Amino acid sequence: MDRRQFIASLAAGSAMGLTGLMPAFGAAIVNVVVVGGGMAGTTAAKYLKLWGAASGLDVRVTLIDANAAYVSCILSNKVLTGETTLAALTYRYTKLAGLGVTVVQGQVAAVDKANRVVRLADGRTYPYARLILAPGIDFDYSALTIAARGLTADQALAAVPHAWKAGPQTTELRRQLVALTNGNRVVMTIPAAPYRCPPGPYERACAIAGWLKANRPKSKLIVLDANAKIIAEPVNFGKAFSETYRTIIEYYPGVTLKGVTWDSATPKLKTVSLLDAGGAAVTMPAEVVNLIPPQKAGRVAIDTLGPTGLSANGRWALVDEISYESKVFPGIHVIGDAINSKQPKAGHIGNQEAKICADAILRLESGRAPYAAPVTNSACFTPITPTTATWLTAVYRYQTDIDPATGQSLGTKSMQMVSGNPVGVASETPTGASGDNADAMKKWFASLMVDTFG
Amino acid sequence: MSFLRTILAAGLTISASAAAAQTAGPNDGRLLASNCMQCHATNGQPRPGFSSLAGKSASEITGEMLEMARMTPGKEPEKDLMAVHARAYTRAEIDLIAKYLASK
Ligand SMILES: Cc1cc2nc3c(=O)[nH]c(=O)nc-3n(C[C@H](O)[C@H](O)[C@H](O)COP(=O)(O)OP(=O)(O)OC[C@H]3O[C@@H](n4cnc5c(N)ncnc54)[C@H](O)[C@@H]3O)c2cc1C
């Protein structure tokens, strides 16, 4: 029933609007299409249905993901070490379907903004009144030379796995680690920020180093960081690198990666090329390369919003964080890792961005303004060894941007940190890496995934 | 009550609550409290490792939040996760959150 029929039924003396028991029946239809069933998109679809029921609107939600199930990146470093499996980190959309979300498996190929239609690669189309893009990230290899004699470009990329989207690449990196001979060298590269999960690469380094220490103790892990220093939990990770994994990890900040080359006949003889922090060209041999490349918003966001709706570097979606609506294209919201934000690119906070976006859509469609000062939080538990973890939390609030130089208002608003652990001091995590924190991490992860997938 | 009067009465209630919604914002508490759900579960139900937020009174929740957020001059502030979290909110926000959770 559309708005016109609703008015007609009221005129006919229908009393159904008075019962309050069937809020959606006879209400205005709002079609929301969510692209990407990851941490952010799934939460948005779920909360649109949960909250939509009491909104007086008939909220119809379609969630489109390329895959039939979602594999969590969170805790996927523990797949590399054999502590868990991808199967154990796989989540289905059954509960969402139970809430009335229409779940579609398919690759979104294009968004027709003029006609407000989402088009899949197989030709199926989905019209929308509001579109939520939550495609996560894509990788940018454009500044790198990754080449192997005897391999296609794609085969070469797959042979130096990022494992930064949990899935086949995680399995491949695990396979390569297990195939190492004691004494072989692993190189991992960290891209310049911003990238998905600020502490993630350092956590990855601890995971690989922990596995090497126990299983290939003569091996080394060489960490090549494009950033000038450890950008998250510098004290916790600094301690892990220089104490816990002193015999395994060599950490080099300020590195510009140039590429990796090898011959497919000798896959364990790879050459990594880079400029060191002083700008000198260096090459180093490695048996395994875990290459985490620079990142940008998932392609569907870039294609739909670019170039005007993207940050100046063309990588991230420009949104107003009061509603996550594009600053340029009305009716299109973007949440999660794909946005330009001071909030970290992380699953826990992506979940909260999604709820704010869902609430704002319900208010906007009811003719009201979004809530004026939304609040989000980030919580990150980081395994340091198989039995210990640290944590970091921060709360963000939508407030006026201040020019740090003058202290004057810039006249714009965005999400800004208002509370958080002290960073860079001895007690970054009050208890340091502990078994209690590792236990809390498992409980936190389970709760987060229940809040997201049902 | 006649059918017409029912409609009128209901109409009044609806517009009165709609007006209240404009000022007090009935979903403001719901939105703020959703920022607890990643850990304390959708609707604040108990989860392993996390206290139930549902089933507490508003004054209990407010009291616990203020206690966790407290900064005593001259004393090292509490640094556990909930303390860092609780300190982010204004008193008005804590009241909105507590009121919403108590209604669950
Ligand atoms: C090793 C590692 C550890 C991490 N640890 C943590 C942690 O401890 N805490 C934390 O909060 N975060 C962590 N993260 C980060 C977290 O995984 C991401 O920030 C989060 O997944 C982002 O959510 P998202 O919804 O934006 O993207 P995603 O979760 O990646 O979801 C995007 C979805 O969109 C789909 N998609 C994309 N394009 C299309 C298209 N064209 N058509 C159809 N579907 C499409 C994809 O299939 C995918 O399912 C970690 C990440 C890594 C790699």
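Between A:THR406 and A:ALA179, how many nm apart are label points set 7 Å from Cα along the C-beta direction?
It is 5.9 nm.
Please calculate the 1.4 Å probe accessible area of A:VAL282, with all protein chains present, and give it to the nearest 10 Å².
So the heavy atoms of A:VAL282 present about 50 Å² to solvent.
Counting only DSSP beta bridges with both residues in the stretch A:299-454, tell me the antiparallel percent, nearest 5.
Working: 23 of 24 bridges.
So the antiparallel bridges in the stretch A:299-454 amount to around 95 percent.
Between A:SER447, A:CYS197, A:ALA346, whose Cα lies farthest towards the positive end of the dipole of the protein assembly as shown when Lys and Arg beta carbons carry +1 and Asp and Glu beta carbons carry -1, centred on the Cα centre?
Going by the charge dipole, the pick is A:SER447.
Name the lysines eligible as straight-distance cross-link partners of B:LYS56: C-alpha to C-alpha under 16 Å, and not fewer than 8 places from it in the same chain.
The qualifying lysines are B:LYS99, B:LYS104.
Whenever you get a sec, line up A:LYS239, A:LYS113 from highest to lowest accessible area (probe 1.4 Å, protein heavy atoms).
Details: A:LYS239 115, A:LYS113 75 Å².
Per-residue accessible area, sorted high to low, gives A:LYS239, A:LYS113.
What is the percent carbon and sulfur in the accessible area of the stretch A:133-197, measuring with a 1.4 Å probe over the protein chains and ignoring ligands? Present the calculation step by step, with values, prior to reporting the outcome.
On the way: 1520 of 2700 Å².
Heavy-atom surface of the stretch A:133-197 belonging to carbon and sulfur, 1.4 Å probe: 56 percent.
Once both labels are modelled 7 Å past Cα along the beta-carbon direction, what's the B:GLN45-A:THR94 spacing in nm?
Those two pseudo-labels are separated by 1.5 nm.
Give me the net charge of A:VAL187's neighbourhood, meaning all other residues with Cβ under 15 Å from the Cβ of A:VAL187; Lys, Arg count +1, Asp, Glu -1.
Once all neighbours under 15 Å are counted, the net charge is +3.
Kindly report the accessible area of the stretch B:28-102 per residue (heavy atoms of protein chains, probe 1.4 Å, no ligands, DNA or RNA), in Å².
Values: 3500 Å² over 75 residues.
Accessible area per residue, the stretch B:28-102: 47 Å².
Residue separation times 0.36 nm, minus the C-alpha to C-alpha distance between A:ALA87 and A:LYS327: what's the value?
Values: separation 240, 0.36 × 240 = 86.40 nm, distance 3.86 nm.
Length gained between A:ALA87 and A:LYS327: 82.5 nm.
Between the stretch A:119-188 and the stretch A:58-90, what's the alpha-carbon centroid distance in Å?
Comparing the Cα centres of the stretch A:119-188 and the stretch A:58-90, I get a distance of 15 Å.
What's the center-to-center distance, using Cα atoms, between the stretch A:243-268 and the stretch A:393-425 in Å?
36
If N is the number of residues in the stretch B:28-102, what value comes out of its Cα radius of gyration divided by 2.2 N^0.38 Å?
Computed over Cα atoms of the stretch B:28-102, the ratio equals 1.07.
Solvent-accessible area of A:GLU83, probe 1.4 Å, all protein chains present, reported in Å² to the nearest ten, please.
80
Can you give the charge dipole size of the stretch A:142-293 about its Cα centre, rounded to the nearest 20 debye, using +1 on the beta carbon of Lys and Arg and -1 on the beta carbon of Asp and Glu?
That gives a dipole near 320 debye.
Determine by what factor the alpha-carbon radius of gyration of the stretch A:142-293 differs from 2.2 N^0.38 Å, reporting the quotient. Numbers along the way, then the final one.
Working: Rg = 14.5 Å, N = 152, 2.2 N^0.38 = 14.8 Å.
The stretch A:142-293 yields a ratio of 0.97.
Can you send over the solvent-accessible area of A:THR266, 1.4 Å probe, protein chains only, in Å² to the nearest 10?
60
As a test, work out the antiparallel percent of DSSP beta bridges whose residues both lie in chain A, rounded to the nearest 5.
On the way: 46 of 84 bridges.
Here the share of antiparallel DSSP bridges comes out near 55 percent.
Quick one: if you stick a label point 7 Å off each Cα along the C-beta vector at A:ALA54 and A:VAL117, how many nm between them?
So the label points at A:ALA54 and A:VAL117 sit 3.8 nm apart.
Computed over the Cα atoms of the protein assembly as shown, what is the convex hull's projected area averaged over all directions, in nm²? Each step should come with its number before you reach the end.
Working: hull surface 115.1 nm².
For the protein assembly as shown, the mean projected area of the Cα convex hull comes to 28.8 nm².
Determine, from the Cβ-Cβ distance of A:ALA69 and A:SER264 and an R0 of 45 Å, the FRET efficiency 1/(1 + (r/R0)^6), rounded to the nearest 0.05. Don't skip to the end; give the middle numbers.
Numbers: r = 33 Å, r/R0 = 0.72.
Step by step, r from the Cβ atoms, then E = 0.85.
In the protein assembly as shown, if the dipole is taken from +1 on Lys/Arg beta carbons and -1 on Asp/Glu beta carbons about the Cα centre, which of A:ALA228, A:GLN155, A:ALA312 is farthest to the positive end?
It is A:GLN155, whose Cα lies furthest towards the positive end.
Computing the accessible area with a 1.4 Å probe over protein heavy atoms, can you report the carbon and sulfur percentage for the stretch B:28-102? Provide the component values of the computation, followed by the final result.
Working: 1980 of 3500 Å².
For the stretch B:28-102, the apolar C and S fraction of the accessible surface comes to 57 percent.
Determine the gain in length on full extension of the stretch A:ALA228-A:SER427; use 0.36 nm per residue of separation and subtract their C-alpha separation, reporting nm with one decimal.
Numbers: separation 199, 0.36 × 199 = 71.64 nm, distance 2.22 nm.
Extra length from A:ALA228 to A:SER427 when fully extended: 69.4 nm.
Over the stretch A:142-293, average the accessible area per residue using a 1.4 Å probe and give it in Å², no decimals. List each step's numbers first, then the result.
Numbers: 6260 Å² over 152 residues.
Dividing the accessible area of the stretch A:142-293 by its residue count gives 41 Å².
Mind grabbing the interface size between A and B? I mean buried accessible area, both sides, 1.4 Å probe, in Å² to the nearest hundred. It would help to have the intermediate numbers written out before the result.
On the way: alone 19530 and 7280 Å², together 23800 Å².
Chains A and B together bury approximately 3000 Å².
Could you work out the helix-only [θ] at 222 nm for chain A, with each DSSP H run of four or more residues adding -39,500 (n - 2.57) and the total divided by the number of residues, to the nearest 500 deg cm²/dmol?
Result for chain A: -8000 deg cm²/dmol, rounded to the nearest 500.
What full-extension length gain, to one decimal in nm, is calculated for A:THR171 and A:ALA143 as 0.36 nm per residue of separation minus the Cα-Cα distance?
Numbers: separation 28, 0.36 × 28 = 10.08 nm, distance 2.59 nm.
Computed gain between A:THR171 and A:ALA143 is 7.5 nm.
Which of the pairs A:LYS46/A:LYS345; A:LYS95/A:LYS345; A:LYS239/A:LYS442; A:LYS239/A:LYS413 have their Cα atoms more than 28 Å apart in this structure?
Details: A:LYS46/A:LYS345 20 Å; A:LYS95/A:LYS345 25 Å; A:LYS239/A:LYS442 23 Å; A:LYS239/A:LYS413 37 Å.
Table pairs above 28 Å Cα-Cα are A:LYS239/A:LYS413.
Go through A:ARG185, A:ARG204 and list them by solvent-accessible area, largest first, probe radius 1.4 Å.
On the way: A:ARG185 75, A:ARG204 5 Å².
Solvent-accessible surface, decreasing: A:ARG185, A:ARG204.
On average, how many beta carbons from a partner chain sit within 10 Å of the beta carbon of a residue in A:434-440?
Counting other chains' Cβ atoms within 10 Å and averaging over A:434-440 gives 1.
The values are calculated or read from the model by the stated rules, or taken from the named source; none is laboratory data. Owing to the predicted nature of the structure, the values given are computational and were not obtained by experimental measurement. Note that each Cβ is placed from the backbone with ideal geometry, even for glycine, and that neighbours are counted across all protein chains shown. Just the protein is used for accessible areas: all its heavy atoms, side chains included, with ligands, DNA and RNA removed. Shrake-Rupley method; radii C 1.70, N 1.55, O 1.52, S 1.80 Å.
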